[in-house]
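A short worksheet on the structure shown next.
The values are calculated or read from the model by the stated rules, or taken from the named source; none is laboratory data. Bear in mind the structure is a predicted one, so any value in this text is a computation, not a measurement. Note that each Cβ is placed from the backbone with ideal geometry, even for glycine, and that neighbours are counted across all protein chains shown.
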Amino acid sequence: MPRTDRHSLLMFLWLVLGYAIAHVVVAAWLGAMIESVWQPDYRYENVEVMSDGEPLVRIYSRRTNQYRTLDGELVSAAKVAERNSGRTVSQASIGIHPPSTQPSNWSQRLLPLTDGATLPVYWYAVLPQEVPGTMYFAGYDSRSRRLTGYLSAGGFTALPPSVEQFFPIRTGPSYYPFIGAVKAAAISSDGFYSHPQEPAYEALLDLYANAPGDAVWVLSRNVLYEIRLRSQTMRTLKTDLPEEAHLSRATFKRDDKTFVQLLVRSEAELLIIDPETTNTERLALGPSVPKDSGSYMQTDDGLRLLHTQSPLEPTASLSDSKWRHQLTWYDASGSIVKQAETVTQNPVSQSAVPFTTGASLVCPTPIAPLVGLMVGPWVVSGREAQFAYSARLGIIWNFVWGWLLTTSIISLVIGWACRRRERDVFDNASWLWPILVGGLGWFGWMAYICLRPLPARLPHGRWMPTQPDPNRPLGTEVFA
């Protein structure tokens, strides 16, 4: 390629990049301003269980919030709020997630707890980076800010525990190996959160009738420990538990008292443990129960409710994405009392038209939707990540097909215009510029007309050639 052509090509790509950045920033800002004024009213559906154990399908959007029974009868939101007023029953997630790599960020390897005293001792569960898959606790006095001791499988010690005394644990997304009784400790899918304990929170220590407020329960492989932070004691609640298990906590109310239950979920069964008496109930889980999802609660009438949901493969688009909800009620002996099933859509009426229109205006080049089709199925998150590759590809295709079609038509028109311009104006038969400009779409066309502007027009509609003919000799030549 001649030096001048290489220089023109590099200048063209530089102009494309600059114009694309400016165009995307301005178009995205205008799109955000328009969306803030006009937003589509998407409807979502989800199953929520009342404290009395009745499941309702919640239908909500920006403008509506209503409930219906599994039979389709509408229930007002005010009625639902009245039924759940003063609720102390909690649902616990019992999904088993695969172990993940040890977090590298130090803040994710320090998980805080407190003993809930008036002048509390703050305990930190340390996940040492040099020994993945292990954990120990370190305590600090809130007033002196000095180290008070350590806690490991060997008990409370003043000196750092050895590696052999660390708690062996398994880590994974939305899973942590221990839970606490006080309100300061909470498990969520985003991380472990702790709220500092003040004297006003002393009443929280009497929250549960069957467990002390300073208790922390640790599931270390197949052993379940109960740790008392204030008295610095530890006891073993259960042994021979499944190693691939998930520990969580639920509450229920009886005789105006709130009780806590420890839940150990394995693939085949759910163990419900009373931390005070260590009495254990077993709920057999059938093969239809998803391993990575589910929630448990004990209803006001004493039944145990297991709620699981699994995705149904979408037929064409995200708007066709359906979810099967299975609800099973057990009695105290573990026998199935009743079962129910329903299907929800989430979202119900989402359309790809706004996305297609906005994307075509913000990034009018076919390269972007093509990259989205190749990369999108591998980076889908949320519930849709559980779908097969073909289903995830269908979800992405539903959003980009209009974008790809629009930008492809624009690119064909731009490529045809560039071809005519190169042939008629610049007398260039090469297909390099038409293919390059057409492939980059609107960005390519704007850079092209800046780099190769039209020359002056001569009489009779002709264009001044880019390389004029050599000057003709002056005078008149006479032939004999």
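Brief remarks on what is shown
- Qualifying residue in the range 345-365 (condition: at pLDDT 85 or above and part of a strand (DSSP E or B)): no
- In the set (1) surrounded by fewer than 13 Cβ atoms within 10 Å (Cβ to Cβ); (2) hydrophobic (A, V, I, L, M, F, W, C); (3) at pLDDT 85 or above, L436 fails one condition alone, (1).
- Of all the criteria given as (1) in a loop (DSSP other than H, G, I, E, B); (2) out of contact with any Lys or Arg (no Cβ under 8 Å at 6 or more places or on another chain); (3) modelled with pLDDT of 70 or more, the one not satisfied by A78 is (1).
- Among residues of the range 236-257, those that are in a loop (DSSP other than H, G, I, E, B) and within 20 Å of A268 (Cβ to Cβ), counted: 7
- Complete set of residues in the range 281-302 that are at pLDDT 85 or above and either surrounded by fewer than 16 Cβ atoms within 10 Å (Cβ to Cβ) or within 18 Å of Q345 (Cα to Cα) (or both): R282, A284
- Residue within the range 50-64 that is among the polar types (S, T, N, Q), at pLDDT below 75 and not in a loop (DSSP other than H, G, I, E, B) present: no
So that you can scan it fast, the table gives a plain yes or no per residue for (1) at pLDDT 50 or above; (2) crowded, with 21+ Cβ neighbours inside 10 Å:
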residue: I179; (1), (2): yes, yes
residue: S189; (1), (2): no, no
residue: Y193; (1), (2): no, no
residue: E226; (1), (2): yes, yes
residue: R230; (1), (2): yes, no
residue: T236; (1), (2): yes, no
residue: K257; (1), (2): yes, no
residue: L262; (1), (2): yes, yes
